[in-house]
1. Does the stretch 25-32 include one or more residues that are farther than 19 Å from His121 by Cα, polar (S, T, N, Q) and touching a residue at least 24 places away in the same chain (Cβ under 8 Å)?
2. May I ask you to verify whether Thr98 is over 12 Å from the mean Cα position of the chain (by Cα), over 23 Å from Ala20 (Cα atoms) and in contact (Cβ under 8 Å) with a residue 40 or more places away in the chain?
3. Quickly run through the stretch 111-128 and pick out the residues that are touching a strand residue (DSSP E or B) at 6+ places or on another chain (Cβ under 6 Å) and in contact (Cβ under 8 Å) with a residue 40 or more places away in the chain.
4. Tell me yes or no: at least one residue of the stretch 5-16 is part of a helix (DSSP H, G or I), in contact with a helix residue (DSSP H, G or I) (Cβ under 7 Å, 6 or more places away or on another chain), in contact (Cβ under 8 Å) with a residue 60 or more places away in the chain and not hydroxyl-bearing (Ser, Thr, Tyr).
5. Out of (1) within 21 Å of Ala140 (Cβ to Cβ); (2) surrounded by fewer than 20 Cβ atoms within 10 Å (Cβ to Cβ); (3) of a type in the set (Val, Ile, Thr), what's the single condition that is false for Thr98?
6. Report yes if Val51 is surrounded by 13 or more Cβ atoms within 10 Å (Cβ to Cβ) and either more than 23 Å from Asp125 (Cβ to Cβ) or out of contact with any Cys (no Cβ under 8 Å at 6 or more places or on another chain) (or both), otherwise no.
7. What are the pairs with Cβ atoms under 7 angstrom where one residue, in the stretch 62-87, is in a helix (DSSP H, G or I) and the other, located anywhere, is among the β-branched types (Val, Ile, Thr)? Sequence gap at least six, or different chains.
8. Out of Ala66, Ala107, Ala70, Ala136, report the one residue that is buried (at least 18 other Cβ atoms within 10 Å of the Cβ), modelled with pLDDT of 95 or more, within 16 Å of the chain's Cα centre (by Cα) and closer than 18 Å to His29 by Cβ.
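The values are calculated or read from the model by the stated rules, or taken from the named source; none is laboratory data. In this text the structure is predicted, and so the values were computed from the model without any measurement. Ideal geometry is used to build each Cβ from the backbone, glycine not excepted, and the neighbour counts take in all protein chains shown.
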Amino acid sequence: MAAVILYGTETGTGELVADAIADVLAADHDPSIYDMAEFAAEDLDPADFLVVVCSTYGEGELPSSALPFADELDEEEPDLSGLRFAVFGLGDSVYGDTYNRGGEIMAGKLTALGAVQVGEHFRHDASSTVKPTKVAAEWAESLPALIDEA
């Protein structure tokens, strides 16, 4: 099963995290990485395993690169039955209630269209001392088992 990694980012950290996850998956799953701004909702394929990396911007909003994809999901409302996905969110706990909302918004949009979220929804905290790429690589170690479940 192929792995597709979509990232939504404002400052580039989401792309770095996507690359770290891809490095872990590269041995067995030949991952493809796309900025959400350059990926069409119609290209989502239930035969693939989707990894969503999404930061949070402003007051709990999606980052600018995620907006075109999110808007297309809302407009097109594709049937995503059979699509399985995992989420790695990025945020900063100093923002309280809006902490890591970007990943939660994307997960909500996908599940509302029939996709199934699996594994741990990871929420990286920019206020922590842990580098997002390091923890993303550790988190990604659990993905091959989820990918191979299908």
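1. Yes.
2. Here the answer is yes, as Thr98 does meet what is asked.
3. Ala115, His124
4. There is at least one residue in the stretch 5-16 that is part of a helix (DSSP H, G or I), in contact with a helix residue (DSSP H, G or I) (Cβ under 7 Å, 6 or more places away or on another chain), in contact (Cβ under 8 Å) with a residue 60 or more places away in the chain and not hydroxyl-bearing (Ser, Thr, Tyr).
5. All conditions are met except number (1).
6. Taking the combined requirement at face value, the residue satisfies it.
7. If the second residue must be among the β-branched types (Val, Ile, Thr), the pairs left are Ser65/Thr9.
8. Just a single option satisfies the conditions, and that option is Ala136.
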